[in-house]
1. Classify the stretch 397-486 from the C-alpha gyration tensor, please: rounded if a/c falls under 1.5, else prolate or oblate depending on whether a/b exceeds b/c.
2. State the extension gain, in nm to one decimal, for the chain segment bounded by residue 180 and residue 343, taking 0.36 nm per residue of separation less the distance between their alpha-carbons.
3. Modelling each spin label as a point 7 Å along the Cα-to-Cβ direction, I'd like the residue 392/residue 33 distance in nm, to one decimal.
4. Compute the FRET efficiency between residue 117 and residue 173 as 1/(1 + (r/R0)^6), taking r as their Cβ-Cβ distance and R0 = 22 Å, and round to the nearest 0.05.
5. What's the extension gain from residue 125 to residue 295 if we count 0.36 nm per residue and subtract their Cα-Cα distance?
6. Once you sort the root eigenvalues of the Cα gyration tensor of the stretch 148-213 as a ≥ b ≥ c, which label holds: rounded (a/c under 1.5), prolate (a/b larger than b/c) or oblate (the other case)?
7. Using alpha-carbon pairs under 8 Å, 6+ residues apart, how would you state the relative contact order of the stretch 208-362 in percent?
8. Give the calculated FRET efficiency between residue 149 and residue 59 to the nearest 0.05, with a Förster radius of 35 Å applied to their Cβ-Cβ distance.
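Here, each number is a calculation from the coordinates, and none is a lab measurement. What you are looking at is a predicted structure, and each value in this text was computed from that prediction instead of being measured. Cβ placement follows ideal geometry from the backbone for every residue including glycine, while neighbour counts extend to all protein chains displayed.
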């Protein structure tokens, strides 16, 4: 736990320390405003010689900016240290940086310009200068790669509509067709000549929806993932691996993937394929490593038997060696896998927990020893690290220096035993300057459920952990059964049993924290988004006597109607329930929070984007109406205009953050009665949205 300098601490304490009416004294920790203004490192790349790294940094827009998602800028830093350099900044959205094969140029996607601007592939010389567009896709580039020699870029874009469509749409004379007016996602190739005019590339593959690609080093082969229809559900459940021969122009299915597909990479000699995917159609997440041949004649799951983790990402280090990244428990690991013999040999080369880090897939280049990876920890948001294959990773960036001036709550791994004897684990944040007395507790349930909480930086607008710790809360992030990171068998424990033992695990975790003297049993709240919102809605109805306040964000309330209103119905059927609604009607009804609405005595705040395709906004309205008609006095539903499955815009994020904290403050800290007045509806004054004259 880091502390502010003594003089600054004294000054801040005089201003900020207050006595909570029903809880411990709050200390000077991170504020909601600071949380919203944190810079977030995302994708990273390393140059062919391993000497330079490029990475993107996302920053929430200010209130005065045009409404929209975060800006994303491009930075470059030497892997042996030095000052990072901003390469592309301003009001831009940069993604997927990649160095050209000769290392002279840095390519990336970027959307720059007015409202009608489209995402294109751009390039900039590594030694500086102006960025220039490479493509001129009329619909926007969705993914891209350099060709083997850097003479071209391969990219994905969506088919254009009819010529008159825009005119009709502008006049309001065009209806919206549902899942029928679908456009394919073509694979194209455009020549690269820096400084020349951007090109509308030649079509290499059409008639399919291409989701990603890997260009082979042989110059002849491209591997790509595709489904028949341009639907998210088809991307999730019906995507296969295809191989394209650039000489003949022919392509074919190389791997008929039965479930979810992760990475797919062709070996440098073009002889083998490696990919990560679900172990089966019912496996709800990418979990396993496979090895095969481009002609499809050999396919094998080479995941070690009983592997207690999820193998997520793969790349080739050379023609005989794979680099693999995995989630294991609450940490991450990396392996080298020797596939030169009859049996693959796994060797762990990096364990994030040993260095206090959670890291993503390392970016590596064949022939270069140095890799780079984005990593974060319990007291540090994502930063960039370099690693040469041994020793500790070396930190290269420091993008949030203001965090050194605040005090954070201690973060630790907790373990408990479920009522049926299953061993479980999660993450606990303690209040800033915790005095050892039982604290008000907020349980923050992760979504998915094909996800897990790792022992890294966990605080953001929809999960304001450290901002809550600053006000005296403890915050608990449970990895209930069905979570990822502990192997396929553990992840399958909740299959076909929604809101069963999986959510009992959460209650058992709360009981453990109460027994340990950490949590005040009379002041426990629960929150979560998506499947975590489902957990919240379930716990405040089925276990209402255990929770004094709840905040459900884009959450499920009715499993039956959710199946027919979501954009991923087959994913819901295949990997969660395992059967169509007609065969599981009674179970789905009984495991729906709306079915238990009359039991609820917990104040509940429901937050939802009004354009959410994943969990339809009517899910929150169903529960709101059910509670109201049952006479519930403290339920509130707030919609965010134009937001989808999560808030992308600055205002939506800021409002959700402030509203969530105000709700818990009212019921957990101030001890307000469930049948008394609710918190203020209008937060514009508290948020200082309108500037005073």
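1. Values: a/c = 2.28, a/b = 1.44, b/c = 1.59.
Oblate is the answer for the stretch 397-486, as a/c is 1.5 or above yet b/c matches or exceeds a/b.
2. Numbers: separation 163, 0.36 × 163 = 58.68 nm, distance 4.70 nm.
That works out to 54.0 nm of additional length.
3. 3.5 nm
4. Values: r = 25 Å, r/R0 = 1.13.
Step by step, r from the Cβ atoms, then E = 0.35.
5. Working: separation 170, 0.36 × 170 = 61.20 nm, distance 3.78 nm.
Taking residue 125 through residue 295 to full extension adds about 57.4 nm, to one decimal.
6. Details: a/c = 4.04, a/b = 1.84, b/c = 2.20.
Judged from the Cα gyration tensor, the stretch 148-213 comes out oblate (a/c at least 1.5, b/c at or above a/b).
7. Details: 387 pairs, mean separation 20.1, N = 155.
Result for the stretch 208-362 is 13 percent.
8. Details: r = 35 Å, r/R0 = 1.01.
E between residue 149 and residue 59, to the nearest 0.05, is 0.50.
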